[in-house]
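Heads up, the thing below is written out as structure tokens.
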Amino acid sequence: MRRIYQSVVVQHFTDCEQMLLLAGPRQVGKTTISLAAKELADPNNFVYLNWDEAKDMELITRGSDAVAARVGLDLLSPQKPLVIFDEIHKYLRWKKYIKGFYDHYKDRVRIIITGSAKLDVYRKDGDSLMGRYFLYRIHPFSIAECITSKLPTKEIRAPKPLDEKLFTALWKFGGFPEPFLKQDERFHQRWKNLRLKQLFREDIRDLTQIQELSQMEVFARLLKYQPSQLLSLTNLAQKAQVSVNTAKRWVNTLESFYYCFLIRPWTKKVTRSLLKEPKIYLWDWADIEDIGAKTENFVAAHLLKAVHFWTDYGFGDFQLHFLRDKEKREVDFLVTKNDQPWFLVEVKVSDTNLSKSLELFQNQTGAKHAFQVVFNMDYVDADCFAKNKPIVVPLKTFLSQLI
């Protein structure tokens, strides 16, 4: 199943000379996506270098000239060679190294950098890569991406139904490519265990100062009971038997490694708005047991993917928030465009009675659209975004119109 990000890679190197940075969780398919650039490269001049492989690490640390010789940058080629640096952000001086390599060879090579931690979190030095790269944040499969890998011409697509078997697989096994495509429960369980082991025993161990990895893994497992809730560091700290500062540091670390993500409240033009706690969600919704929390997390993951893609692709600056006031009136999500409210989303499993909070907060924020997205509704072949007043819509229709 071809991914939309593969189309992004091909388009990028057709139009741009900047490096391409692909960031996202482990096993989300970054390497497979990056290989799409081979369509534009000389197959004899393609090199994949993984910092986690000893021989590749040794080549990289020998200097950029050694990599250039390996890629064949001094040889005449009908097309620009391609070099992929995977997990190079684990190298202490990776920014300086990549900056020098790019500045010297940019006219002769296409460069992709991939990483399973945020590429600018832990290795900070004085050298900036500004202007030398474009970043895409890679997400698991979504409903819209299962329908098409065609690049959009605008943010919202026309609605289109997804095959019911694919929807069931996406809901049950999550959007990470291997378990989603295999659709095997035993494989899924083994995959989840391996993913956690790699996250804690390799990534977090290698890139942080955290020593209590076993205790932190237990802490991470506690988070699967937190999605859609306000983040209470005090309660989490008590359950994990650690300090509040430690709990805060661990949440920030897990967010940096794409295990969870936080959504913060929108406060502008909202009377008596909530000013403090964010809400927390998981990148992998398949591990959530409560159907209400899972449904909200499912929608949250789709919306986060959309705002990231729209921003990275150049449609504008998009952000994801939620709304809640001191009377505990709430709307689950608000998407903003260029710092202006665009549309509201309230998520329900079965309830089709329109939430009064949608109209309240639409009036306060001035958002153009307001949706009550219902899981247990059949697909309707109609454009959700054709209406401006609050409206109840099927989850399958609404999410098919995103990315």
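Figures for the structure shown
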item	result
Considering residues of the stretch 359-373 that are touching a residue at least 40 places away in the same chain (Cβ under 8 Å) and within 18 Å of P265 (Cβ to Cβ) only, the residue surrounded by the most Cβ atoms within 10 Å (Cβ to Cβ)	F361
Residue among L354, L399 that is on the phi < 0 side of the Ramachandran plot and surrounded by 18 or more Cβ atoms within 10 Å (Cβ to Cβ)	L399
Enumeration of residues in the stretch 306-335 that are among the basic types (K, R) and in contact with a Pro (Cβ under 8 Å, 6 or more places away or on another chain)	R324
Only listed residue being assigned by TED's automatic domain parsing to the domain that holds D339, at pLDDT below 90, surrounded by 14 or more Cβ atoms within 10 Å (Cβ to Cβ) and on the phi < 0 side of the Ramachandran plot, chosen from I210, I288	I210
Among (1) at pLDDT 90 or above; (2) among the hydroxyl-bearing types (S, T, Y); (3) within 18 Å of the chain's Cα centre (by Cα), the one test that T168 misses	(3)
Matching helices (runs of 4 or more DSSP H) fully within the stretch 72-191 where at least 2 residues are touching a residue at least 60 places away in the same chain (Cβ under 8 Å) and of a type in the set (V, I, T)	143-147
Among (1) under 23 Å from F309 (Cα atoms); (2) not in a helix (DSSP H, G or I), the one test that S34 misses	(2)
Residue within the stretch 383-392 that is closer than 18 Å to P265 by Cβ and either in a loop (DSSP other than H, G, I, E, B) or of a type in the set (A, V, I, L, M) (or both) present	no
Residue check, Y258 in a loop (DSSP other than H, G, I, E, B) and crowded, with 19+ Cβ neighbours inside 10 Å	yes
Evaluation of Y379 against (1) at pLDDT below 95; (2) in a loop (DSSP other than H, G, I, E, B) (one fails), failing number	(1)
Residues within the stretch 261-285 that are outside any loop (DSSP other than H, G, I, E, B), of a type outside the set (S, T, N, Q) and surrounded by fewer than 22 Cβ atoms within 10 Å (Cβ to Cβ), tallied	5
Pair list, Cβ under 6 Å, 6 or more apart: the stretch 215-235 residue surrounded by 15 or more Cβ atoms within 10 Å (Cβ to Cβ), other residue of a type in the set (S, T, N, Q)	P227/N297
Checklist (1) surrounded by 22 or more Cβ atoms within 10 Å (Cβ to Cβ); (2) at pLDDT below 95 applied to D332, failing item	(2)
Test result for D184, within 21 Å of G29 (Cα to Cα), among the charged types (D, E, K, R) and modelled with pLDDT of 95 or more	yes
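Yes or no, residue by residue, for (1) closer than 28 Å to P140 by Cα; (2) of a type outside the set (K, R); (3) assigned by TED's automatic domain parsing to the domain that holds I204:
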position	(1), (2), (3)
L40	yes, yes, no
L49	yes, yes, no
T61	no, yes, no
L76	no, yes, no
F85	yes, yes, no
I88	yes, yes, no
Y91	yes, yes, no
R108	no, no, no
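Listed here are the residues, each with its yes/no results for (1) buried (at least 19 other Cβ atoms within 10 Å of the Cβ); (2) farther than 30 Å from K150 by Cβ; (3) not small (G, A, S).
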position: V10; (1), (2), (3): no, no, yes
position: L35; (1), (2), (3): no, no, yes
position: E39; (1), (2), (3): no, no, yes
position: A54; (1), (2), (3): no, yes, no
position: R62; (1), (2), (3): no, yes, yes
position: P78; (1), (2), (3): no, no, yes
position: R108; (1), (2), (3): no, yes, yes
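The values are calculated or read from the model by the stated rules, or taken from the named source; none is laboratory data. Treat the numbers as computed from the prediction; the structure is a model and nothing was measured. Glycine gets a Cβ as well: all are built from the backbone with ideal geometry, and neighbour counts include every protein chain shown.
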